[in-house]
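Notes for the one structure printed next.
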Amino acid sequence: MGTATAGKSGRGTPAAWRNWAGNVTAAPARVVTPTSVGELQDVVRRAAEDGLRVKAVGTGHSFTAAAATDGVLVRPQALSGIQAIDREAGTVTVAAGTVLKDLNLALAREGLSLTNMGDIMEQTVSGATSTGTHGTGRDSASIAAQIRALDLVTADGRLLNCSEKGTDEEREVFAAARLGIGALGIVTALTFAVEPLFLLTAREEPMAFDRVTAEFDEHVTENEHFEFYWFPHTGNCNTKRNNRSQGPAAPPGAVSSWVEDELLSNGIFQAVNSLGRAVPAAIPAIARVASRALSARTYTDIPYKVFTSPRRVRFVEMEYALPRERVVEALRELKRLVDGSDLRISFPVEVRTAPADDIPLSTASGRETAYIAVHMYRGTPYQAYFTAAELIFTAHGGRPHWGKVHTRDAEYLAGAYPRFGEFTALRDRLDPERLFGNDYLRRVLGA
Ligand SMILES: Cc1cc2nc3c(=O)[nH]c(=O)nc-3n(C[C@H](O)[C@H](O)[C@H](O)COP(=O)(O)OP(=O)(O)OC[C@H]3O[C@@H](n4cnc5c(N)ncnc54)[C@H](O)[C@@H]3O)c2cc1C
């Protein structure tokens, strides 16, 4: 979290930049939109000559200042689009600025899909993977874990083509740069594993908090994708189980779509949150009514239509990855905290899972993981809630999402990630002058 201040470039008024949530702003010295990789390499070399730092941004959906810069801000729009589909290898290669929605739609037209994804598809592929964006999965992991190759412009202006099959350097860079928080260089293209388009049957079912938490392991084991939302101030949850299905496709009906989309996520939810912000004392009663408005529903559709949905109500969010076996206890502590305090929380708490993966800075690196995410409506003071929640999460060995509000520093994170030193050693080699540095990276990775 933080605000980057304006740099002095002597090249006119710096253009302001702000993130989706509006809690981070920056005033870069220059804003550039390169149209080719060669142009981007020139941007990097020129910035180094001028003593300016460089930062590629995505669509600004991070709640941390990961993308903020006072130097040269590189916009992704002109480096986007599908570059190649290799059906035999089961891969798609896309330019780094491609928005996930465009990727998902293009893949669906080709009869293909990613295996797993997060809740929305407004982010760029490079921004999403750089902070470890994930959905929920028993066997399938984050979007970064689905990367098979990547191209990276490094601080000396070189373009590295990296995969597991390359030279020692390329293999090492590939391993770390799949989730690099922008610290190792500028990603220009990503190759993802894809598979033939499939159908998922989603079963949404309200369930009591005590039951979901008691049965959590069973739900995770029995379903390919299990997640649930707990409504603070109530004992109510909504569960969602997504499993592959032979079909036929049976999208949700208009009424249930409206309830999910408007009541719980967007239009009416916006009004309810505004009311809650004005009259916090009304929040527990509203939460009880809203959580009881849920009803069970089942539908079958292609993956991105089941995994993702629009989120028009703006909020700030903190999310921690915990060892999976600690998540139920941590959530019960969070519930006791909310029940015993005068906090008024109008947003549901989301719980998801991921299998262990092999990416050094992945929040699921080397361990079976479950995530707890807390949210606050934009404009509502969130510090007291997030501070108390973070104390619980860190006591359980939590690792913060790199793109969501947290207060951890390099010292804490070095203890939370066994391969932290591997990443920072590579950063020292690739970017000794910290051309790609910013205040956020100094805090979380060290000077
Ligand atoms: C409404 C909403 C819903 C969300 N849902 C989820 C979810 O379900 N699961 C989840 O895990 N997260 C979720 N997030 C968080 C979000 O996915 C991440 O913060 C993601 O990083 C945002 O991608 P972006 O394209 O906006 O990147 P930005 O936020 O603009 O940038 C993120 C980081 O990527 C770096 N970067 C961007 N492009 C490049 C590049 N070409 N080369 C190198 N570095 C680069 C930036 O420098 C920065 O460090 C959500 C956020 C919002 C606002």
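The values are calculated or read from the model by the stated rules, or taken from the named source; none is laboratory data. Quick caveat, the model's predicted, so the values are computed rather than measured. A quick note on method: Cβ atoms are made from the backbone with ideal geometry, for glycine too, and the neighbour counts reach across all protein chains shown. Please note that ligands, DNA and RNA were not included when accessible areas were found on the heavy atoms of the full protein model with its side chains. Shrake-Rupley method; radii C 1.70, N 1.55, O 1.52, S 1.80 Å.
Some points to look at:
- The 1.4 Å probe gives accessible areas that order Lys55, Lys165, largest first, as Lys165, Lys55.
- Dipole magnitude for the range 82-196: about 180 debye, using +1 per Lys or Arg Cβ and -1 per Asp or Glu Cβ, origin at the Cα centre.
- Note on Lys404: aspartates and glutamates with a C-alpha under 17 Å away, same-chain residues under 8 apart excluded, are Asp119, Glu122, Glu317, Glu319, Glu350, Glu390, Asp439.
- Integer Hz, Karplus 6.51/-1.76/1.60 couplings in order for the range 378-386, x for Gly and Pro: 4, x, 9, x, 10, 4, 4, 5, 5
- Solvent exposure, largest accessible area first (probe 1.4 Å, DNA, RNA and ligands not counted), of Arg434, Arg312: Arg312, Arg434
- If a spin label sat at a point 7 angstrom from the Cα of Asp156 along the line to its beta carbon, no backbone N atom of the range 343-368 would be nearer than 16 Å.
- With DNA, RNA and ligands ignored, accessible area of Thr387 (1.4 Å probe; Å², nearest 10): 80 Å²
- The slack between Asp86 and Arg378, meaning 0.36 nm per residue of separation minus the straight C-alpha distance, is 100.9 nm.
- Between Thr387 and Gln77, the FRET efficiency estimated from the beta carbon spacing at R0 = 35 angstrom works out to 0.45.
- Set of lysines with alpha-carbon distance to Lys305 below 20 Å, sequence-local pairs under 8 removed: Lys101, Lys240
- Loop-located GluC sites (Glu not before Pro) in the range 148-223 whose Cβ has at most 16 other Cβ within 10 Å (DSSP): Glu164, Glu215
- Electrostatic dipole magnitude of the chain [Cβ: Lys, Arg +1; Asp, Glu -1; Cα centre; debye, to 20]: 1180 debye
- Protein accessible area in the chain, 1.4 Å probe - carbon and sulfur %: 52 percent
- Long-range amide H partners of Gly137 with built H, under 5 Å: Phe226, Thr353, Ala354
- Residues whose amide H lies under 5 Å from that of Ala149, counting only those 5 or more places away or on a different chain, are Thr191; hydrogens are built 1.01 Å from N in the peptide plane.
- Cα centroid of the range 20-42 to Cα centroid of the range 269-330, whole Å: 32 Å
- Once the 1.4 Å probe is applied to the protein heavy atoms, the range 79-219 comes out at 36 Å² accessible per residue.
- Relative pair counts by distance (%), Cα atoms of the range 354-447, 10 Å bins: 14, 43, 32, 12, 0
- Linear extension gain, Glu411 paired with Glu224, 0.36 nm per residue minus alpha-carbon span: 63.8 nm
- On the basis of the beta-carbon distance and an R0 of 25 Å, Ala282 and Arg314 show a calculated FRET efficiency of 0.80.
- Ordering Gln83, Ala16, Ala65 by Cα displacement along the dipole of the chain toward the positive end leaves Ala16 in first place; charges were set at the Cβ atoms of Lys, Arg (+1) and Asp, Glu (-1).
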